[in-house]
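Enquirer: Okay, handing you the structure first.
The values are calculated or read from the model by the stated rules, or taken from the named source; none is laboratory data. Quantities reported herein were computed from a predicted structural model and do not represent experimental measurements. Backbone-built Cβ (ideal geometry, glycine too); neighbour counts: all protein chains shown.
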Amino acid sequence: MISIEPDLLRMYHMLKRVITDLGYDYEKEYDASITACVLANSIDIIDPYKIFERLFKKLSNRHILVIGAGPSIYNIDRRLASETYDGVICSDGACRVLRENACLDKTCIWVGDLDGGVDSFEKISNFQNSFSFLHFHGDNYMDIIKISDKIRGFRDKIVFTVQTLPLCPKTILIPGFTDGDRALLLSKLLKPSKISVAGMDLESYYVSMYSKPFLKDIDLITPSKKRKLEWAKRLINMFPYY
């Protein structure tokens with residue numbers, strides 16, 4: 001059995017601290033976790049351990065590129081042209097920068113909560129060599145239910161992630177609070193030989209247009225987003241074995 005949650009209680013307690021610090025309603029987060037379990041069983045998504053077995057075979061001891069939605073994402077075409085990657089993990093709306101041929105010969109993974117729009121999720125999920133990690137939280141779980149028919153079409157290559165207990169056999173907890181740090185921690189979990197990053201600008205005061213669908217260019221981050229990025233740095237450092 002592959003261990004994908006080596007320190008579950010520690011992850012749970014840290015994410016509960018983040019939820020409290022940012023002022024989110026824990027009851028809604030709990031409801032989101034319950035909803036993820038119900039939906040996973042309803043549409044019969046694949047066992048997440050089977051997804052991880054496939055990903056380990058494809059990406060363990062390989063080179064992975066992790067793409068966030070920070071300003072340095074605008075250099076991505078040059079990065080993709082100048083370096084060779086075996087896998088690409090992109091966070092939500094940042095996946096919009098990937099051209100179709102980017103995933104023809106490598107494994108592509110979408111990690112997000114649909115905050116960047118449904119288009120990037122569908123785009124990556126439709127690629128042959130792709131997987132998706134859909135995150136449920138208190139602000140989005142009702143919206144996810146509305147697109148359950150779309151999700152059903154990708155049930156053999158999607159994983160549901162949550163940020164509170166309870167878990168069920170078809171949901172997992174990855175210790176990241178933003179899509180970007182969750183993507184980075186996922187890449188570490190796959191034990192690659194090398195991780196490169198683009199758009200992972202945790203110290204920046206700006207976000208790219210790929211962060212939110214309504215943004216047209218680089219924009220200043222909000223105070224709440226800055227706070228999330230501070231937690232992202234802490235969570236990445238707290239789980240170095242990822």
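Conditions (1) part of a loop (DSSP other than H, G, I, E, B); (2) of a type in the set (D, E, K, R), marked per residue:
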residue	(1), (2)
Gly180	no, no
Lys191	yes, yes
Met200	yes, no
Asp217	yes, yes
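Enquirer: For the range 87-110, how many residues meet the condition of being over 17 Å from Lys157 (Cα atoms) and in contact with a Gly (Cβ under 6 Å, 6 or more places away or on another chain)?
Expert: Residues in the range 87-110 being over 17 Å from Lys157 (Cα atoms) and in contact with a Gly (Cβ under 6 Å, 6 or more places away or on another chain): 2 in total.
Enquirer: Met238 is checked against (1) touching a strand residue (DSSP E or B) at 6+ places or on another chain (Cβ under 6 Å); (2) hydrophobic (A, V, I, L, M, F, W, C); (3) modelled with pLDDT under 90 and fails just one. What number does that condition carry?
Expert: That leaves (1) as the condition not met.
Enquirer: Also: Among the listed residues Ser72, Ser33, Ser42, identify the single one that is over 17 Å from the mean Cα position of the chain (by Cα), among the hydroxyl-bearing types (Ser, Thr, Tyr) and within 28 Å of Asp156 (Cβ to Cβ).
Expert: Details: Ser72 fails: within 28 Å of Asp156 (Cβ to Cβ); Ser33 fails: over 17 Å from the mean Cα position of the chain (by Cα).
From the options Ser72, Ser33, Ser42, the qualifying one is Ser42.
Enquirer: Is there any pair with a first residue in the range 81-95 that is on the phi > 0 side of the Ramachandran plot and a second that is part of a helix (DSSP H, G or I) and aliphatic (A, V, I, L, M) whose Cβ atoms are under 9 Å apart and which are 6 or more apart or on different chains, and what are they?
Expert: From residues that are on the phi > 0 side of the Ramachandran plot, the pairs are Asp92/Ala183.
Enquirer: Determine which member of the set Ser148, Ser196 is under 18 Å from Cys90 (Cα atoms) and either surrounded by 15 or more Cβ atoms within 10 Å (Cβ to Cβ) or modelled with pLDDT of 90 or more (or both).
Expert: It is Ser196.
Enquirer: Can you name every residue in the range 219-240 that is under 18 Å from the mean Cα position of the chain (by Cα) and part of a loop (DSSP other than H, G, I, E, B)?
Expert: Passing the criteria: Phe239, Pro240.
Enquirer: Which condition breaks for Lys146 when tested against (1) in contact (Cβ under 8 Å) with a residue 12 or more places away in the chain; (2) within 18 Å of Asp31 (Cβ to Cβ)?
Expert: Only one criterion is unmet by Lys146, namely (1).
Each row is one residue, and each column tells you yes or no for (1) closer than 21 Å to Gln163 by Cα; (2) surrounded by 23 or more Cβ atoms within 10 Å (Cβ to Cβ).
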position	(1), (2)
Cys37	yes, no
Ala40	yes, yes
Ile46	yes, no
Tyr49	yes, no
Glu53	no, no
Leu65	no, yes
Gly68	yes, yes
Pro71	no, no
Tyr74	no, no
